[in-house]
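Undergrad: Sharing a structure here in structure tokens format.
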Amino acid sequence: MFTGGLMGFFDIPLKPSTVLVFSIAFGISVDYTIHFLAKYRLELNRHSWDIGKTVSMAIKETGISMTYTSLILFSGFITFTASSFGGNMYMGLLTSITLIVALFTNLILLPCLLRTFGGFMTRKMEKITEKKGRKHKPRYYGVDDIE
């Protein structure tokens, strides 16, 4: 949505070359989100469902790799702006900007959402396990075996 708004604000036409930005940037930003949430899920059981510790550990573990990946991809796509062909130039510029926005969204907004709504999900999972007669907290398969 951010990229579409940026295109409208700067009067960048919607062409096949600029439409590619949506699929490329969306794919990469979803990859960041999956990477972060997978680490969050692994750490959740390890820290006894303490949302604050889990989010901090997930940021510590995945934040650096996500930042390096974003900077490398940003550097690669920003070189397209040197092109004399307008489609390549816009694609490089829009993709680069979108990748940086996606990085900050996944490093700032996603952890805030997890801290805000994660407690609700934890309480809900604990109620489900109590109804099933389990005495321990919810467990993801195989997570306790990983050290």
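Undergrad: Considering the options Ala102, Thr54, Thr3, tell which one lies farthest towards the positive end of the dipole of the stretch 2-131, charges being +1 on Lys and Arg and -1 on Asp and Glu at the Cβ, about the Cα centre.
TA: Thr54
Undergrad: Mind listing P(r) for the stretch 2-131? All alpha-carbon pairs, 10 Å bins, whole percents.
TA: Final binned percentages: 12, 35, 25, 17, 9, 2, 0.
Undergrad: Another question, then. Dipole magnitude of the stretch 28-99 about its Cα centre, charges +1 at Lys/Arg Cβ and -1 at Asp/Glu Cβ only, in debye to the nearest 20?
TA: 140
Undergrad: To make sure I understand, if each residue's beta carbon is the centre and we count other beta carbons within 10 Å, what order do Thr98, Thr116, Thr67 fall in, fewest to most?
TA: Final ranking by Cβ density, sparse to dense: Thr116, Thr67, Thr98.
Undergrad: Going by how many other beta carbons lie within 10 Å of each one, how would you line up Asp50, Asp11, fewest first?
TA: Final ranking by Cβ density, sparse to dense: Asp11, Asp50.
Undergrad: If you place +1 on the Cβ of every Lys and Arg and -1 on the Cβ of every Asp and Glu, how big does the dipole about the Cα centre of the stretch 2-131 come out, in debye to the nearest 20?
TA: For the stretch 2-131, the charge dipole is close to 440 debye.
Undergrad: Could you count how many Lys pairs in the stretch 2-131 have their Cα atoms under 29 Å apart, skipping same-chain pairs fewer than 8 positions apart?
TA: Eligible lysine pairs with Cα atoms under 29 Å apart amount to 9.
Undergrad: Would you mind ranking Met89, Met66 by Cβ crowding within 10 Å, fewest neighbours first?
TA: Fewest-to-most Cβ neighbours within 10 Å comes out as Met89, Met66.
Since every read-out is calculated from the coordinates, none of them should be taken as a lab result. Worth saying up front: this structure is predicted, and the values here are computed from it rather than measured. No Cβ is skipped: glycine too gets one built from the backbone with ideal geometry, and neighbour counts run over all protein chains shown.
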